[in-house]
Amino acid sequence: MLSTTISIRVRYGETDQMGVVYHGNYATYCEVARVEFFREMGLPYKELEDKGIMLPVVELNLKYAKPAYYDEVLHINILLPEIPRSVRLYFEYEIRNDKEELLTTANSTLAFVDMKTRRPVRCPEYMIKRLEELIF
């Protein structure tokens, strides 16, 4: 199990007239957390793409508990509960504010896809090896 936490300050353009974060922005917050997760693990997305692999989201679930507001700092914890050994990659997220109040929970499933054939492929062996090094 691997996890990391990133922080994002809510920008004005991400809110409605009441200063509340528009619900659609949470998908972007999860994506930012995923990109940073991979970077911190030494597996940047760009490297995957350079090797011909893309990771489209095939499922995203969000559950809103409390609203986030303009200028708040959000702390997004992202968790990889298990090393991917097939064509799918699963993440869990918790978004909290500075008061550590739980605002949103989410999970996403991504698929490893060959960029040329656009067909699903298994998780690259080098990624499995790197994630195993970080866990053990």
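Any read-out appearing in this document is the output of simple, stated calculations on the displayed coordinates, not a laboratory observation. Keep in mind that what you see is a predicted model, and the values were worked out from it rather than measured. Neighbour counts are summed over all protein chains in view; Cβ atoms, including those assigned to glycine, are modelled from backbone coordinates with ideal geometry.
Taking the three principal axes of the alpha carbon atoms in the chain, the coordinate ranges are 46, 33, 22 Å, sorted in descending order.
Rounded to the nearest 10 degrees, the inclination of helix 125-135 to the longest alpha-carbon principal axis of the chain is 60 degrees. Tell me the angle of helix 25-40 to the major Cα principal axis of the chain, expressed in degrees between 0 and 90 and rounded to the nearest ten. Approximately 50 degrees, to the nearest 10. Reported to the nearest whole Å, the Cα centre-to-centre distance from the range 28-91 to the range 114-134 is 15. Sites count as exposed loop sites when they are GluC sites (Glu not before Pro), lie in a DSSP loop, and have at most 15 other Cβ atoms within 10 angstrom; the longest stretch of the chain without one is 1-81. Pairs of Lys residues in the range 2-135, spaced 8 or more positions apart or belonging to different chains, with C-alpha separations under 29 angstrom: 7 in total.
Each Lys and Arg adds +1 at its Cβ and each Asp and Glu adds -1 at its Cβ; summed about the Cα centre, the range 55-136 shows a dipole of about 560 debye. Think of the chain as a dipole: +1 on every Lys or Arg Cβ, -1 on every Asp or Glu Cβ, centred on the Cα centre; then among Leu60, Ile76, Phe112, Phe112 lies furthest on the positive end.
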